[in-house]
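Trainee: There's a structure below that I have some questions on.
The values are calculated or read from the model by the stated rules, or taken from the named source; none is laboratory data. Being a predicted model, the structure only gives us computed values, none of them experimental. Every residue, glycine among them, receives a Cβ derived from its backbone with ideal geometry; neighbour counts consider all protein chains shown.
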Amino acid sequence: MSKINNQGDLDKVVKYAKQFATDNNHQYFTVEHLLVSMLHERSFVSTLQTLGVDVDNLLAEVEQYIADHVPQTSDDGIEPKKTQTLERVFNRAFTQVILLGRQNIHITDLYLSISKETHSHAAYFLKKYGVEPEQIVELYKKSSPSKKTTNYAAQALEEYCTNLNEQAASGKIDPVIGREFEIADMTQILARKSKCNVLLVGDAGVGKTVVSSQIIGPESRPVSCCSMTPYDVPWPESRRAFCCSMKP
């Protein structure tokens, strides 16, 4: 089985970023820590210098921001908590690779994901120094030789995701009682032609995962979940649903 590999020593980039937060007794592991680490990665620095970016000043500003705004803990050796923004950056980069059918995660994927976090200071500093996504993508395309297309997306789904259709057929999906409206409402939203994204919000343990597992369709669900409602939407027989847990 071919796994998604890290190019440009991305393992080291992430480890360095987390170690930077730990060594400075920071309470949180942030996108800005990740950017500091990226600004020490040779290929990314080379790309920025090609665009005329003053990498040293950019790095100094990001480090100063972290020193001024990231709270510290008095306890040595405490592992910093990963922020939700950083979690989104990792998940978005990983998902982008799957959707593009690529095998490798490149540091460019991390940059593009950071650039989407428009309210983060990491994205602000990159934009301040004139770094634009279109320029980075163009340089990446020029430096990456074209390769024969392979079904890497299917391989990644099999490697990292759980097929909910198979889980339902095996009776492994837990029954859901009293959530018929939420399931029906979610199904209706997913069936829309546009604005079809569903966001389930709630504390840990309230049932977000088990509710989301019901999107495979009424006939595949346990009996207790099959009550008909005015919101029931017919599902195509070819539908497939996957559950993907991404924890970089």
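Trainee: Could we say that L48 is closer than 23 Å to G130 by Cβ, surrounded by 15 or more Cβ atoms within 10 Å (Cβ to Cβ) and out of contact with any helix residue (DSSP H, G or I) (no Cβ under 6 Å at 6 or more places or on another chain) here?
Mentor: Numbers: closer than 23 Å to G130 by Cβ: yes; surrounded by 15 or more Cβ atoms within 10 Å (Cβ to Cβ): yes; out of contact with any helix residue (DSSP H, G or I) (no Cβ under 6 Å at 6 or more places or on another chain): no.
Criteria not met by L48.
Trainee: Moving on. Taking E159, is it modelled with pLDDT under 70, more than 29 Å from I66 (Cβ to Cβ), part of a helix (DSSP H, G or I) and of a type outside the set (V, I, T)?
Mentor: When the stated conditions are applied, E159 passes them.
Trainee: Taking S37 as the residue in question, decide whether it is under 20 Å from Y129 (Cα atoms), outside any strand (DSSP E or B) and in the same structural domain as A123 (by TED's automatic domain parsing).
Mentor: The answer is yes for S37.
Trainee: Consider D109 against the criteria (1) closer than 30 Å to L157 by Cβ; (2) surrounded by fewer than 19 Cβ atoms within 10 Å (Cβ to Cβ); (3) among the acidic types (D, E): it satisfies all of them except one. Which criterion is unmet?
Mentor: With respect to (1) closer than 30 Å to L157 by Cβ; (2) surrounded by fewer than 19 Cβ atoms within 10 Å (Cβ to Cβ); (3) among the acidic types (D, E), D109 is out only on (2).
Trainee: Next question. With the condition kept exactly as written, say whether any residue in the stretch 90-110 is in contact (Cβ under 8 Å) with a residue 24 or more places away in the chain and in contact with a Gly (Cβ under 8 Å, 6 or more places away or on another chain).
Mentor: yes
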